[in-house]
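So the structure is just underneath, and the comments pick up after that.
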Amino acid sequence: MKNTLTEKQLQKYADVLIWGLKKARKKKYKKGDIVEVRFDLGALRLAEILQVKLLRIGLNPYIRMSGTETMVRNFYINANDDQLVWNSPWSKKLAKNLNGGIYLFASENLTYLKDIDSEKIAMAGLSVKPINDILERRGQECEYGWTLCVVPTEALAKGALMSLKDYTNQIIRACYLDKSNPVQEWENMYKTSQCIQKVLNRMPVESYCIKSKNIDMTITLGDNRKWLGTDGANIPSFEIFTSPDWRVTEGVYYADFPSYKSGHYVRGVRLEFVKGLVVKVTAEEGEKFLRSQLDIEGAKGIGEFALTDKRFSKINVFMAETLFDENYGGKYGSMHIALGDSYTDTYAGDLKTMTKSKKKKLGFNDSSLHWDLINTEKKTVTANLYDGSKIVIYKDGKFLI
């Protein structure tokens, strides 16, 4: 498959990913640590470059190519119920020994699963949750960190209604690959994001009220929460996010950006929340699939609330890929909520004390689903403080704090 990024740009991309890998883990890597590099076929050259760079800094790269989308389709078409939930006996052992992961996505076809039974997709997704739980726990113990990126493909460009050249240029600008020292650019962005997080985390906030043309909702922060962002886990990442108490979400949310999920296209999602749960749902396209996903345990509650400042992100078009769309800058910035699983690293206390029962008690959502739904409308986000006062923290695409 032809590379659309030049060799020099791929080298820079690899440097940024290794920066992200190091930032995403709060404990320094040591010689001999194991880092999985999992890649789609279209990202082969980037994987080769990463292998060399990881070896040169003394880490042990574990190289693994993901199944092609033909293989994934064949799996869902031919697997019986036992095979759908089967995991390799080595999967847990690997997860317990991994110190890092770099994941490279290069989609060949955005709707390759549109005719696959959504229940099969949900079953397979649920089966890998125990593996993800192990990695989450290792992350809480600062033994594991991860990052990911997207390599441009014809399928992604077509899904975004762009030429491959224009699509590639969006990725180049978004990831600072057009800069002489992109790692330093990301380090600067990291410091800026940290400043905003510190202000947000000092505020005694009870809840946030979000209003736009089609949104009117209240999100309650919950006890012992903090905001995070630009921590290396995603390249690019401009969003600042938290995982609120899902049990007290109220109001209406609307996603004006389309979404590709598990090979399905969904557009115009409208969700109404009462006491933390989705009670009404519509979609202009893909509603049947959306409803099937809401049947997954924990999917009717939210796991994430995030805001992106337009001053930081150069992404100004729909990219048909959540990694970029959730970091959309454009004219009015963007926000997104995620249905399903939360990020327990937004817990403000000692993560080593986090247990499943404590997670439940604090209102962190638990699900095999995590689906980001993005809104790019002009909006105002108001913080309702515990003393009864209000502060507008975000307006017209910018943080005001």
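What follows is calculated from the coordinates using simple rules that are stated; it is not laboratory data. Predicted model only: the values in this text are computed from it and were never measured. Backbone-built Cβ (ideal geometry, glycine too); neighbour counts: all protein chains shown.
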Please report how far the C-alpha centroid of the stretch 32-54 lies from that of the stretch 227-279, rounded to the nearest whole angstrom. 30 Å
With label points set 7 Å from each Cα along the Cα-to-Cβ direction at A348 and R247, the distance between them in nm comes to 1.9 nm
Using a Gaussian network for the chain with springs between C-alpha atoms less than 10 Å apart, which of these wobbles most: S237, S292, S389? S389
Relative exposure of I77, I235, judged by other C-beta atoms within 10 Å (fewest first): I77, I235
Under the rule a/c < 1.5 gives rounded, and otherwise a/b versus b/c splits prolate from oblate, where does the stretch 203-399 land using the Cα gyration tensor? rounded
Applying the gyration tensor rule to the Cα atoms of the stretch 7-184 (axes a ≥ b ≥ c; rounded if a/c under 1.5, else prolate if a/b exceeds b/c, else oblate), the class is oblate
Potential lengthening between E287 and K120 on full extension [0.36 nm per residue; Cα-Cα distance subtracted]: 58.4 nm
Under a plain spin-label model, where a point goes 7 Å from the Cα along Cα-to-Cβ, how far apart in nm are E141 and K198? 3.2 nm
Fewest to most neighbouring Cβ within 10 Å: what's the order for K179, K213? K213, K179
In a Gaussian network model of the chain with springs linking alpha carbons closer than 10 Å, the residue among D33, D341, D366 that fluctuates most is D33
What does the net charge come to around K398 if you take all other residues with beta carbon closer than 10 Å to its beta carbon, with K and R at +1 and D and E at -1? +1
Which of (i) 30, 25, 23; (ii) 53, 26, 22; (iii) 42, 20, 18 gives semi-axes √(5λ) of the Cα gyration tensor in Å as computed here? It is (i)
Positive end of the charge dipole of the stretch 246-398 (Lys, Arg +1 and Asp, Glu -1 on Cβ, about the Cα centre): tell me which of A383, A306, V281 has its Cα farthest that way. A383
I need the phi-derived Karplus couplings for the stretch 15-23: 6.51 cos²θ - 1.76 cosθ + 1.60, θ = phi - 60°, integer Hz, Gly and Pro marked x. 4, 5, 5, 5, 4, x, 4, 5, 5
If I build a Gaussian network model for the chain, linking alpha-carbon pairs within less than 10 angstrom, which residue out of L200, L339, L228 has the largest mean-square fluctuation? L200
For each of V151, V72, V128, V279, count neighbouring Cβ atoms within 10 Å of the residue's Cβ, then give the residues from fewest to most. V279, V128, V72, V151
